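Here, each number is a calculation from the coordinates, and none is a lab measurement. None of the values given here were measured: they were computed from a predicted structure. Ideal geometry is used to build each Cβ from the backbone, glycine not excepted, and the neighbour counts take in all protein chains shown.
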Ligand code: ZN
Ligand code: FE
């Protein structure tokens, strides 16, 4: 199957929009357009015609550009069936296990509730690309606005099971702040210490730290590591239940 060429468009304070272009067909998807202008400009500059919008969830900083882009391009908008009434311009409602096609590139939909009740993620296996919105971040995870810790842990566990090389195309540049928290709960994680040095150096130069890959997230992201004895000890829950350790880690981050 075909591979996607993916470019990142930084907008607003810390949002990332993605253009995913499938060259054999010419199809081009926009992932989570917070705004329209920079997306239309980026596509025009490359000579790409936008055929799809893919939304991970309904929040305004992920769907704000939907209607304007659709009006300009006539594209098809794909989003969560559970959130169809709150997703502007939605055409196709998707849910867990369905496949979507961007030209000849197939992506699998995962339901990943927690941040919102109907949040979905899209995994394009042949491109090693996961578009996960506000569920999994580099060194972090989304806030639990509409779901329990049990649900979010189940969602993250699905994503955690994907291959090492999977690139994590999340929707925000939160990595440095996430990393400071991560170090507070796993100060002796040498992979994390090393990664944070690289992140600090990149941010000093204004360079994006996204995408990361799933291997490094499993090694350093505290929200994928409730089984870490080090983390459990630091937060005072040695031998704790994984969901409870995850919930406590999320609570500590909210107050960090
Ligand atoms: Zn959100
Ligand atoms: Fe967001």
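Points worth noting:
- Computed on the Cα trace of segment 169-241, the radius of gyration divided by the Kirkwood hydrodynamic radius gives Rg/Rh = 0.99.
- Highest GNM mean-square fluctuation among 145, 131, 246, for the chain modelled with Cα contacts below 10 Å: 145.
- Inter-centroid distance (Cα atoms) of segment 204-256 relative to segment 14-32, Å: 30
- Computed over the chain, relative contact order equals 13 percent, with contacts defined as Cα pairs under 8 Å that lie 6+ residues apart.
- Sorted largest first, the spans of the alpha carbon positions of the chain along the three principal axes are 54, 39, 33 Å.
- Nearest-ten-degree value, helix 175-185 long axis tilted from longest Cα axis of the chain: 20
- Choice from 201, 182, 121 with maximal GNM fluctuation in the chain (Cα, 10 Å cutoff): 201
- Just so you know, the Cα atoms of segment 49-127 work out to an Rg and Dmax of 11.9, 33 Å.
- Segment 1-91 - convex hull of the alpha-carbon atoms, volume per residue in Å³: 91
- Across segment 97-230, counting alpha-carbon atoms alone, Rg and Dmax equal 14.7, 45 Å.
- Neighbour-count order for 207, 6, 78, 53, fewest beta carbons within 10 angstrom listed first: 207, 6, 78, 53
- Separation between Cα centres of segment 113-136 and segment 70-99, rounded to whole Å: 14
- Between helix 37-46 and the chain: long-axis angle, C-alpha atoms, 0 to 90°, nearest 10: 70
- Inverse mean reciprocal Cα-Cα distance (Kirkwood Rh) of segment 11-59, Å: 11.2
- Seen against the Cα atoms of the chain and their longest principal axis, helix 149-160 is set at about 70 degrees.
- Over the chain, dividing the summed -39,500 (n - 2.57) contributions of all DSSP H runs of at least 4 residues by the number of residues returns a 222 nm mean residue ellipticity of -9500 deg cm²/dmol.
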